[in-house]
Amino acid sequence: MEKEISQAVIRRMPRYYRYLGELIDAGVERISSSDLSSRMNVTASQIRQDLNNFGGFGQQGYGYNVKHLYEEIGKILGLGEQHAIIIIGAGNLGQALANYTDFGKFGFVITALFDVNPDLKGKKVRGIEIHMLEELDAFTKHHKVDIAALTLPKSKADTIANHLVELGISAIWNFAHVDLDLADKNVIVESVHLSDSLMQLSYNIAKDKRALHGWKSSLS
């Protein structure tokens, strides 16, 4: 049975992968946990604990071989495989995702977009065709679909998500501003609430302003 890894650790793994890729591009061959710590703003102890969940990969007195660690984390993240993605909702966000070329570098291939707007039928985004939503069932019968990205209004998200599960799609990347009710389904959901991230940024701006205001007040 595979060891249960906390979501906090899993969220840090893509960051490690990204930083290690940058080190490879810079020609760095090895790095210590303390050097990696200073780059990532994560403690060296935390880095070692995170990586020990998967076997460690380091050597005492040497540190980590950057290329080897990069490849191993890539395997952990499942990046050695190709994942076919469809996008449900071909509005601004859906088309922006389709236009993002870096997904392909990590094995994520967007194969189709779907929408209900007849004006979009047959149009292409970076060579990827927009289909009508009524064509979804037939498409999934003849094409491999690993992930469905939802970039549609929240009022429609639950219904579409449940239908995707019925079609055998087992992973949903949810951009709709709603928490999907799929707890009892055999499906993996990763939700991206853009407004939540923006509100966190707003909080930190407000916190800095409060701190500055309090500092000024203490001088008056």
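The values are calculated or read from the model by the stated rules, or taken from the named source; none is laboratory data. Every value quoted in this text rests on a predicted model; they were computed, and no experiment measured them. Cβ sites come from the backbone with ideal geometry, for glycine too, and all protein chains shown count toward neighbours. We work out accessible area using only protein heavy atoms, side chains counted, and drop any ligands, DNA or RNA first. Shrake-Rupley method; radii C 1.70, N 1.55, O 1.52, S 1.80 Å.
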(message) What does the charge count around ARG12 come to, taking other residues whose C-beta lies under 12 Å from its C-beta (Lys +1, Arg +1, Asp -1, Glu -1)?
(response) +2
(request) Treat each spin label as a single point 7 Å out from the Cα along the C-beta direction, and report the ILE188 to ASN92 distance in nm. (result) 3.1 nm
(message) Probe radius 1.4 Å, ligands and nucleic acids left out: which of GLU81, GLU134, GLU129 has the largest accessible area, and how do the rest follow?
(response) GLU134, GLU81, GLU129
(request) Quick one: go through region 1-34 and flag any residue whose amide nitrogen is under 15 Å from the point 7 Å out along the Cα-to-Cβ line of SER197. (result) 11-12, 14-15
(message) Can you give the log10 of the normalised intensity I(q)/I(0) at q = 0.11, 0.12, 0.20 Å⁻¹, computed with Debye over equal Cα scatterers of region 62-191?
(response) -0.41, -0.48, -1.16
(request) Write down the Å³ per residue value for the convex hull defined by the alpha carbon atoms of the chain. (result) 198 Å³
(message) For the pair LYS121/HIS142, report the inter-label distance in nm, with labels modelled 7 Å from Cα in the Cβ direction.
(response) 1.6 nm
(request) Calculate for the chain the 222 nm mean residue ellipticity that helices alone would give, adding -39,500 (n - 2.57) per DSSP H run of length 4 or more and normalising by residue count, nearest 500 deg cm²/dmol. (result) -14500 deg cm²/dmol
(request) Starting at the first residue of region 145-160, write each ³J(HN,Hα) from the Karplus equation 6.51 cos²θ - 1.76 cosθ + 1.60 with θ = phi - 60°, in whole Hz, x for Gly and Pro. (result) 10, 9, 9, 10, 9, 9, 10, 10, x, 5, 5, 9, 5, 4, 4, 5
(request) List the residues whose amide H sits under 5 Å from the amide H of VAL189, counting only those 5 or more places along or on another chain, with H placed 1.01 Å from N in the peptide plane. (result) ILE172
(request) State the percentage of accessible surface on the chain attributable to carbon and sulfur atoms; use a 1.4 Å probe and exclude ligands, DNA and RNA. (result) 51 percent
(request) Can you work out the accessible area per residue across region 89-220, with the rest of the protein chains kept in place, probe 1.4 Å, in square angstrom? (result) 64 Å²
(message) Using only the heavy atoms of the protein chains and a 1.4 Å probe, how would HIS83, HIS163, HIS143 rank by accessible area, largest first?
(response) HIS143, HIS163, HIS83
(request) Place +1 on the Cβ of every Lys and Arg and -1 on the Cβ of every Asp and Glu in region 22-78, take the dipole about the Cα centre, and give the residue among GLN46, GLY78, LEU36 whose Cα lies farthest towards its positive end. (result) GLN46
(message) Using the crude model of +1 on Lys and Arg Cβ and -1 on Asp and Glu Cβ, and no other charge, please compute the dipole size for region 83-218 relative to its Cα centre, in debye to 20.
(response) 680 debye
(message) Using 0.36 nm times the number of residues separating GLU129 and HIS68, minus their current alpha carbon distance, what extension gain do you get?
(response) 18.2 nm
(message) Can you tell me the length gained on complete extension of the stretch ASN41 to SER6, counting 0.36 nm per residue apart and subtracting the Cα distance?
(response) 10.7 nm
(message) Quick check: the distance between the Cα centres of region 1-69 and region 96-138, to the nearest angstrom?
(response) 35 Å
(request) Take the alpha carbon atoms of region 131-220, find their radius of gyration, then divide it by 2.2 N^0.38 Å using N residues; give the quotient. (result) 1.69
